[in-house]
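Scroll down for the structure; my scribbles are underneath it.
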Amino acid sequence: MPELPEVETVVRGLASRMTGRRIARLDLHRADLRWPIPRGLRRKAEGRRIEAVRRRAKYILIHLEDGGVLLLHLGMSGRLTIVNAEDRTPPELHDHVVFTLDDGTRIRFNDQRRFGVLDYLRAEALEKHPLLRELGPEPLDPGFTGERLAAALTGKRTPLKAALLDQQIVAGLGNIYVSEVLYHAGLSPRRLARTVTLERARRLVLAIREVLERAIAAGGSSLRNYVQASGELGYFQHQWAVYGREGEPCPGCDCGGGIRRIVQSNRSTFYCVKRQR
DNA sequence: ACGAGAACCTGTTTGC
DNA sequence: TGCAAACAGGTTCTCG
């Protein structure tokens, strides 16, 4: 599930509970997720005060007082759950990592498929980290403009859908929000990226901002302080226009089109053939 | 260098 | 009912 809006919601929830606290304990229940968890991570984290929790693309960055940074990625199935100090609920299957804060709060990192990541780096080397180095612009930053997107798409022979999933072109969109954004921009997912010139790129940038901001707002408003009663972070009711709606009528207008599902690079895309060109 | 597809893992749903 | 195939919201790696 986790695309940019979900990760942003998770980061806000984590920040409210972690900032200023110390990591009293870090329990690693296995030695790897997608990749090995660095040796010595526990020693580098335990006892340190948390200065800030930030997001870059779909990565969660937990900044420690000494300049260390914990980098988390939720992959396909990762979820974070906040467990209050007095809650004695035992660990669940696939709870691979558990943070315990100095006030007794626990944060469980559960990841069934283990495509997630836990790494450690130094703040001064953030830009050089192999996972962060190649990332494209943040879609909600003012620097992400139609001009910049058009330039990034120039000459690309790949379908627009695949280009927008490419984190080097814009960082944070995933399979669901790409379908949503293309619907709102009125552009076909099958259109070649290189045919997106300035006017269309501007439309796309507006659609990207609108869809992401609305999703973040929905996350914030439907969770009490971004934490569900269960303690789970980042899960909220979405109102998707096209994703998962194969066969339903086009929701946004009376064009009479139906939502079709196609497969592009082995992943589902949903769109309205009539409205999106 | 680019783009398509496989691979990484586990679990659930779908279709014969 | 049972079993295999398809599918799931991400990213990297390999190959042509």
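A few comments on the model shown:
- Each of A:SER188, A:SER77, A:SER179 was scored by other Cβ atoms within 10 Å of its Cβ. Arranged with the fewest first, they read A:SER77, A:SER188, A:SER179.
- The loop-placed GluC sites (Glu not before Pro) in the stretch A:1-75, going by DSSP, that have at most 15 neighbouring Cβ atoms within 10 Å of their Cβ come out as A:GLU46, A:GLU65.
- Each Lys and Arg contributes +1 and each Asp and Glu -1, all at the Cβ; summed about the Cα centre of the stretch A:148-223, the dipole is approximately 380 debye.
- Helical segments meeting 30 Å axial Cα length and Kyte-Doolittle 0.0 threshold in chain A (DSSP H): A:198-222
- Over chain A, Cα pairs under 8 Å with separation of 6+ residues give a relative contact order of 18 percent.
- Computed magnitude of the charge dipole of chain A (debye, nearest 20; Cβ of K, R +1, Cβ of D, E -1): 820 debye
- Charge-dipole axis of chain A as Lys and Arg at +1 and Asp and Glu at -1 on Cβ define it, positive-most pick from A:TYR59, A:THR81, A:ILE23: A:TYR59
- Given charges at Cβ of Lys, Arg, Asp, Glu: chain A dipole, positive-most of A:THR195, A:GLY146, A:VAL98: A:THR195
- If you wrap the tightest convex hull around every Cα atom of chain A and split its volume per residue, you get 134 Å³.
- Lysines with Cα under 20 Å of A:LYS161, excluding same-chain neighbours fewer than 8 positions away: A:LYS58, A:LYS274
Taken together, the values in this text are just the output of simple stated rules run on the coordinates, not laboratory data. Bear in mind the structure is a predicted one, so any value in this text is a computation, not a measurement. Cβ sites come from the backbone with ideal geometry, for glycine too, and all protein chains shown count toward neighbours.
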